[in-house]
Amino acid sequence: MSNHTHLVLRINKQKADALSVDEIIHRWHKLYKGMLLARRYTDPTLRDLLSAAELDTVNALADVYRKRLCDISWFMRLLNEYIARQANKEDDCTGHFWEGRFKSQALLDEAALAACMAYVDLNPVRACQAKTPKTSPHTSIRKRLLAAGTEHQPRQLLPFTGEPKSVMQDGLPFRPEDYFALVELTGRHFHPEKPGQIDCTASPILERAGIEHTHWYRMVAGIETTFKTRVSLEQHLSKHFDDTVFNSA
């Protein structure tokens, strides 16, 4: 967006823990120059010359890098620094670019994940910067829709892996067509030029999560306002029930 960004991130600690020392250092050096000792370790001609103490230091460095590479704060630090440098270069100025520290919310279940993804993907539509998800710039939904035309999924995004199974692949537990229908339905409900609600059959995602349409719209709308640090279906339904009891009392 023009003054902020939204990201839905997945922290895969198990995968990070499984990476070798070589893989960790290689990834870190894509971001930073790194320490001289680590650079010597990545050079096959110099690695054999390292002492046992130096190798222990390299392993300790890799443990530090491993934690940073799966840390949201470090990710946002790198992203925001890059954007700030670009903006300051364009404006020929120095100093802070971002007003404050980023805010994060934990997505605790499948419904929360789908709601947050839909909220982020529909930001340009809701801000009247695009008419449809496919024409929304800088969004995952646009990349996914364009890739779907060639029967592929974008490599830089976590893929859809279909309905939940006993053994799941690493990815989003939805079918692409279900998520696209979900975004379309939710987008029509919130579009400023189409204030009416579309009366149609619930998406399989909504059916599986056990949410009625009205509850779903409230959940998406409240991603930033209703929820603080965590988002979950149980939390949303509990609040909806409390509000209903209070209003009817």
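The values are calculated or read from the model by the stated rules, or taken from the named source; none is laboratory data. Keep in mind it's a predicted model, so treat the numbers as computed, not measured. Here the Cβ positions follow ideal geometry from the backbone for every residue, glycine too, while neighbour counts run over all protein chains shown. Note: accessible area is taken over every heavy atom of the protein model, side chains too, but ligands, DNA and RNA are not part of it. Shrake-Rupley method; radii C 1.70, N 1.55, O 1.52, S 1.80 Å.
Per-structure values
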item: When residues of segment 79-103 are limited to those that are open to solvent by 70 Å² or more (accessible area, probe 1.4 Å) and polar (S, T, N, Q), the one farthest from L31 (Cα to Cα); result: T94
item: Candidate set from segment 143-192 (those that are among the aliphatic types (A, V, I, L, M) and open to solvent by less than 40 Å² (accessible area, probe 1.4 Å)); member that is modelled with the highest pLDDT; result: L157
item: Spans of helices (runs of 4 or more DSSP H) in segment 1-83 with at least 2 residues over 30 Å from A118 (Cβ atoms) and of a type outside the set (D, E, K, R); result: 21-28, 36-42, 44-47, 52-69
item: Lone unmet requirement of (1) in contact (Cβ under 8 Å) with a residue 60 or more places away in the chain; (2) loosely packed, with under 15 Cβ neighbours inside 10 Å for C116; result: (2)
